[in-house]
Amino acid sequence: MERLFESELRVMEPLWEEGELSAGQLAKKLNASCGWNRNTTYTVIKKLVDKGLVERREPGFLCRALVSREEIQRQETEGLINRFFGGSRTAFMSAFLSEKLTEDEARKLRELVEKLR
């Protein structure tokens, strides 16, 4: 799967939140949130359709995400770890956790690590 550009993520967010939206509804939302015009939104939708990440159906130019937010998060995180940390999750976590954790954050991380073992 190809990496998503920031503009593509802006289109995906409302689809993940609301499920299915028409291109017109997406255009209105993106105009309100970031000032995009209709043509910009439609261009980005087309790119997402071409990448196989969004399905567009008629009537009504209805759009829905074909991948979950979690799938994209996993893909982007793996790419980050591979590019900047040589594929080492340990090096990534060490850099990520260089700040002090609250007791609650530390507890949640311990629980997560135990669950993943």
* **Options LEU48, LEU62, LEU30; residue that is surrounded by 12 or more Cβ atoms within 10 Å (Cβ to Cβ) and farther than 19 Å from LEU4 by Cα** => LEU62
* So is LYS29 on the phi < 0 side of the Ramachandran plot and assigned to a loop (DSSP other than H, G, I, E, B) or not? -> no
* Structure fact -> Residues of region 17-41 being among the small types (Gly, Ala, Ser) and farther than 19 Å from ARG57 by Cβ, in sequence order, are ALA32, SER33, GLY35
* Residue satisfying condition, being surrounded by fewer than 11 Cβ atoms within 10 Å (Cβ to Cβ), modelled with pLDDT under 95 and touching a helix residue (DSSP H, G or I) at 6+ places or on another chain (Cβ under 8 Å), within set ARG83, ARG89, ARG3 -> ARG3
* Only helices (runs of 4 or more DSSP H) wholly contained in region 59-117 count here; list those with 2 or more residues that are among the hydroxyl-bearing types (Ser, Thr, Tyr). => 89-96
* Pair list, Cβ under 7 Å, 6 or more apart: region 84-111 residue of a type in the set (Lys, Arg), other residue modelled with pLDDT of 85 or more and not in a loop (DSSP other than H, G, I, E, B) -> ARG89/ILE81
* **LYS47 at pLDDT below 95 and assigned to a helix (DSSP H, G or I)** => no
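The values are calculated or read from the model by the stated rules, or taken from the named source; none is laboratory data. This structure is a prediction, so every number in the text was calculated from the model and none was measured. Quick reminder, even Gly has a Cβ in these numbers, built from the backbone with ideal geometry, and neighbours come from all protein chains shown.
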